[in-house]
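Input: a single structure, listed below in structure tokens.
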Amino acid sequence: MAPAKQLALPLEFPGGEPDSGKRKALHSVQPSPWMARVLSRDNLNRALKQVRRNKGAPGLDGMTVDELPDHLRQQWREIRQQLLQQTYRPQPVRRVLIPKPNGGSRPLGIPTVLDRFIQQAMAQVIQEDWEPRFHPHSYGFRPRRSAHQAVQFGQSCARQGQSWVVDLDLAAFFDRVNHDRLMARLKRHTPDKPMLRLINRYLKAGVQIDNQKEPTPGGVPQGGPLSPVLANVVLDELDWELERRNLHFARYADDCQIYVGSLRAGERVMVSLTRFIEDSLRLTVNTRKSAVDRPWKRSFLGFTLSRKGQRLKVASKAIDKLKTHVRRLSRRTRGHSLFQVIAELKETLLGWKAYFDAAEVLSPLRDLDKWIRRRMRSYVWKQWGRSGYRELRKRGVSVKLAWNTAKSAHGPWRLSRSPALAQALPARFFRSYGLPELAAR
């Protein structure tokens, strides 16, 4: 894909010099300090690049990310004036439901691309202002921080004897953020009324569900660039409360684990923190998913720990989720060539491997590699159909073994682990097609 072109945004007098009346009107509105940073040329160009890099579906107005630069060239002067005069009104977000691996769905709000651009410009300024204030053990949606760092901190705590974990799950966090508390906390370090007013308008913009607009009295809709940094502003209060209590913890967005030395200590922490979260933060702890347990019995950001040595290991849920995706791509009735199927799998597997390459226990990944190759053998056998015997013989399988396999009453999945297919379609065959190996280091 070609790199996004830098858009020289018309920040003051786009399209030529305005007449004297317009010039006076434009000069009469001076941006507040924070809005001046939001509307600076460098900040807007960075925001535009990020929105184009993130891509994403259109919002309610149907405008695509690729159409945004031309729209800004034509309309930016008017949009900028609305932002300066505090008359800009964000559009409602388009609500879509994303299926969860364990059933149910997660709501995702898709703002228009123009609102994504403005939100991104605002988020960059808020991030710069709040970044020095955030707790060092908050790892989500922050520069030079990652999920791997959060997981590795938890691992170090377990190895130092804090072998019990308080695993907190906040129920529907992004939907239940209290707007009043969020705005009050923002006001402490961002005392800029135009900026705060615009943030509040985004929070109250509403959602569109089946052609019906619904209000948003609470929450920060997932899908907008502002939501991650606002989530960190909300939960920063929890971080510093944990610090005040001298607790070791790692938090990534609304995923939080606290590491303690005993079951009794963990139970005390769970009770007191649940009270703090519900009374002070006005959020809800999901008691069904939260627990005090051993680290190797819980997962955190897709990882868990081995019981011996507390080595990083891919959690079973993450493996099951990948298997579901692989099953869909390698469905035997798809009718695609093996090359096409592996090309699609490759994109998924390389991304998965890039994240889970931090795993230190490789045996589950070796088993996963074997399972994926078995899926591929099953796919190939189905495609061979009646020519299975000839294809096996061409690949060096003996007459007897090829004949017995071809005439077997068993289906493709059962035969995918047969000696004949293992010999005809070894691991090196799939490597030659570019199939990644997850356990390879």
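The values are calculated or read from the model by the stated rules, or taken from the named source; none is laboratory data. All figures in this text were calculated on a predicted structure; none of them were measured in a lab. Quick reminder, even Gly has a Cβ in these numbers, built from the backbone with ideal geometry, and neighbours come from all protein chains shown. What goes into the accessible areas is simple: the full protein's heavy atoms, side chains included, and nothing from ligands, DNA or RNA. Shrake-Rupley method; radii C 1.70, N 1.55, O 1.52, S 1.80 Å.
By its C-alpha gyration tensor, with a ≥ b ≥ c as the square roots of the eigenvalues, how is the stretch 315-433 shaped: rounded for a/c under 1.5, else prolate for a/b larger than b/c, else oblate? If you can, show how the numbers build up before the last one.
Numbers: a/c = 2.19, a/b = 1.89, b/c = 1.16.
Because a/c hits 1.5 or more and a/b exceeds b/c, the stretch 315-433 counts as prolate.
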**Item:** Tensor-based shape of the stretch 184-333 (alpha-carbon gyration tensor, a/c under 1.5 rounded, otherwise prolate or oblate)
**Value:** oblate
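Take every DSSP beta bridge with both residues inside the chain and express the antiparallel ones as a percent of the total, to the nearest 5. Before the final figure, lay out the partial values.
Numbers: 28 of 31 bridges.
Among the beta bridges of the chain, antiparallel pairing accounts for roughly 90 percent.
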**Complete:** If one compares the long axis through the Cα atoms of helix 226-244 with the longest principal axis of the Cα atoms of the chain, the angle in degrees, nearest 10, works out at 90
**Rounded tilt (10° steps) of 113-130 against the dominant C-alpha axis of the chain** = 80
**the stretch 313-329 versus the stretch 246-297: alpha-carbon centroid distance in Å** = 27
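With a probe of 1.4 Å, find how much accessible area the chain has per residue, and write the answer as a whole number in Å².
On the way: 22620 Å² over 441 residues.
Normalised by residue count, the accessible surface of the chain is 51 Å².
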**Prompt:** When the Karplus curve 6.51 cos²θ - 1.76 cosθ + 1.60 is applied with θ = phi - 60°, which whole-Hz ³J(HN,Hα) does each residue of the stretch 304-312 get, with x for Gly and Pro?
**Reply:** 9, 10, 6, 5, 9, x, 6, 8, 5
**Message:** Tell me whether the chain comes out rounded, prolate or oblate; compute the Cα gyration tensor, take square roots of the eigenvalues as a ≥ b ≥ c, and use a/c under 1.5 as the rounded threshold.
**Reply:** oblate
**Item:** Dipole-positive endmost among 276, 438, 134 within the chain (Cβ charges, Cα centre)
**Value:** 438
**Message:** Set the bar at 25 Å for Cα to Cα. Now go through 297/346; 346/394; 382/407; 49/193; 193/213 and name every pair that lies beyond it.
**Reply:** 297/346; 346/394; 49/193; 193/213
**Request:** Would you mind calculating the gained length between residue 149 and residue 408 on full extension (0.36 nm times residue separation, minus the Cα-Cα distance), in nm to one decimal?
**Result:** 88.1 nm
**Request:** Hey, can you grab everything whose amide H is under 5 Å from the amide H of residue 248? Only 5+ residues off in sequence or another chain; H modelled, so Pro and N-termini drop out.
**Result:** 259
**Asked** Helix 338-356: angle to the longest alpha-carbon principal axis of the chain, degrees 0 to 90, nearest 10?
**Response** 60
**Request:** Treat each spin label as a single point 7 Å out from the Cα along the C-beta direction, and report the residue 245 to residue 280 distance in nm.
**Result:** 0.9
**Fill in**
Taking protein heavy atoms only, a 1.4 Å probe, and rounding to whole percent, the accessible area of the chain owed to carbon and sulfur comes out at 48
